[in-house]
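Okay, structure first, notes after.
The values are calculated or read from the model by the stated rules, or taken from the named source; none is laboratory data. Given the structure is predicted, the values throughout are model-derived calculations rather than measurements. Glycine also receives a Cβ, built like all others from the backbone with ideal geometry; neighbour counts cover every protein chain displayed. What goes into the accessible areas is simple: the full protein's heavy atoms, side chains included, and nothing from ligands, DNA or RNA. Shrake-Rupley method; radii C 1.70, N 1.55, O 1.52, S 1.80 Å.
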There are 2 protein chains.
Amino acid sequence: MAKRSLSLSRVYRLLEPGPVVLVTTARKGQANIMTLSWHTMMDFEPPIVGCVISNRNYSFDIVKTTKECAINIPTVELAEQVVGCGNTSGRKVDKFTRFGLTPSPASRIGAPLIDECYANLECKVIDARMVTKYNFFILEVLKAWIDPAQKQPRTIHHRGKGAFMVAGETINLPSKMK
Amino acid sequence: MAKRSLSLSRVYRLLEPGPVVLVTTARKGQANIMTLSWHTMMDFEPPIVGCVISNRNYSFDIVKTTKECAINIPTVELAEQVVGCGNTSGRKVDKFTRFGLTPSPASRIGAPLIDECYANLECKVIDARMVTKYNFFILEVLKAWIDPAQKQPRTIHHRGKGAFMVAGETINLPSKMK
C-alpha cells in the first residue's frame, strides 16, 4: 500500500476515535503482532500515546526489552486478521505468515510495519514507570505513515466478546477543540 | 432517563470503543462538565480507567482536590451539547444550565451524573503519580449505570477539529478476547 508521511501534529486524529490497533514488535529477527484496544493519546506533539500491554502477552517482554513497537491501524477489511491475531500467541505462531500480512520495514525502529494497515506509527517507549503496576507503556511516536487514499477509514472498535463497532458517518460541528 | 445498575465487569465494553465522554465534577456545591476523549481502560475488574485532564482545564484542580469525578457517555443526540461543553469553561459558565443538561445525584461520589447520557460511571482517583508530568489520572469505577433500552448506542468519536465519527453497525467475530 503506497503511503505518505503524516505530520506528527495530526497523529491524535488517528487514535482519538478509539480504533482497535495491531502492535508489531521484533526481537532477534522474529516479528510479532498483537491486537490491542487499550490505548489513549497523552499529548499532541510530539505525539505521546499510552497503552496497556498485558504481561501475559508474548509482546510484553519484547516491548519492555527493545523499547520500541509500531502501532498499525486496520480497517474493517482486516477484521478477521485482527481477531486472528488476538486469538493466537506469538509464542506458537508466526502471525504474519498465518494471517497473510505483509511486513514492511520501518524507518526509525526495528519492528516491521503492517503494509495492509492504512496507517502506521513508529514508536519508542519513553516512560516505563507504570509498567510494573499497570502494564502501562508510554510511547512517543517518532514517525507516522498514512494511505492518502483513505479519507473515511472504516476502523473497528471493540465492544467486547468479539463484537466490533464499525466506524459510521462523520459529522462536523463548530468545535474550538483541537 | 431510567437506568439500571451495570455489573462492573462490563464497564470496559463502554469505554473500549473510544467514545467522547463528559466528565462531571463538583466542589463547594458548584458542578461542572468537561468534554474528554483521551481515556483508556487499564484493568477489567474492578474497572480501572486512565484519562488525561489538561491542567489548563477548570476541572483539573477539582479532580485533583476532590479525587473523584463521573464519566458520562453521550450519544449523537447530545453532539451539540458535547461540543458546547468543550468550547466553554466552567470558570465562566454553569454548563448544566447553559446546555440544558440535568444533574442527577450519584450514589458513591459527590459529583453529579448527567441524566441525558446513556451510561454513567462513578469514579475515584486511585493513583495521581502521573498527574504532574502527563496530566494523567488513574481512576477506579465504583459504580456504573446504564439505560437498558440502549442496545446499539450511537456514540461519537472525535477525529479532530470538530469532526466526529458516529458509531456505525456492529459486527460479530469469533474472538477469544474478553
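Numbers for the structure displayed
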item	result
Residue pairs meeting the criteria (Cβ under 7 Å; at least 6 apart or on separate chains; first part of a loop (DSSP other than H, G, I, E, B), in the stretch B:140-154; second open to solvent by 60 Å² or more (accessible area, probe 1.4 Å) and at pLDDT 95 or above)	B:PRO148/B:ARG4
Options B:ARG56, B:ARG4: the member that is away from every other protein chain (no Cβ under 14 Å), more than 18 Å from B:LEU139 (Cα to Cα), charged (D, E, K, R) and open to solvent by 10 Å² or more (accessible area, probe 1.4 Å)	B:ARG4
Any hit, the stretch B:84-91, residues being of a type in the set (Val, Ile, Thr) and free of Cβ contacts under 8 Å to residues at least 12 places away in the same chain	yes
Checking A:VAL93 against (1) under 21 Å from A:GLN30 (Cβ atoms); (2) assigned to a loop (DSSP other than H, G, I, E, B); (3) touching a strand residue (DSSP E or B) at 6+ places or on another chain (Cβ under 6 Å); (4) within 14 Å of chain B (Cβ to nearest Cβ), the condition it does not meet	(3)
Output for the stretch A:14-42, where each listed residue is farther than 16 Å from A:GLU122 by Cα and either away from every other protein chain (no Cβ under 13 Å) or surrounded by fewer than 18 Cβ atoms within 10 Å (Cβ to Cβ) (or both)	A:LYS28, A:GLY29, A:GLN30
Among the candidates B:THR102, B:THR66, residue that is open to solvent by 10 Å² or more (accessible area, probe 1.4 Å) and in contact with a Phe, Trp or Tyr (Cβ under 8 Å, 6 or more places away or on another chain)	B:THR102
The one condition in (1) surrounded by 18 or more Cβ atoms within 10 Å (Cβ to Cβ); (2) assigned to a helix (DSSP H, G or I) that B:SER9 fails to fulfil	(1)
Any chance B:SER107 is within 14 Å of chain A (Cβ to nearest Cβ), in contact (Cβ under 8 Å) with a residue 24 or more places away in the chain and either in a loop (DSSP other than H, G, I, E, B) or among the polar types (S, T, N, Q) (or both)	no
Subset of the stretch A:136-178 [of a type in the set (Asp, Glu) and either more than 8 Å from every other protein chain (Cβ to nearest Cβ) or under 15 Å from A:GLU16 (Cβ atoms) (or both)]	A:GLU140, A:ASP147
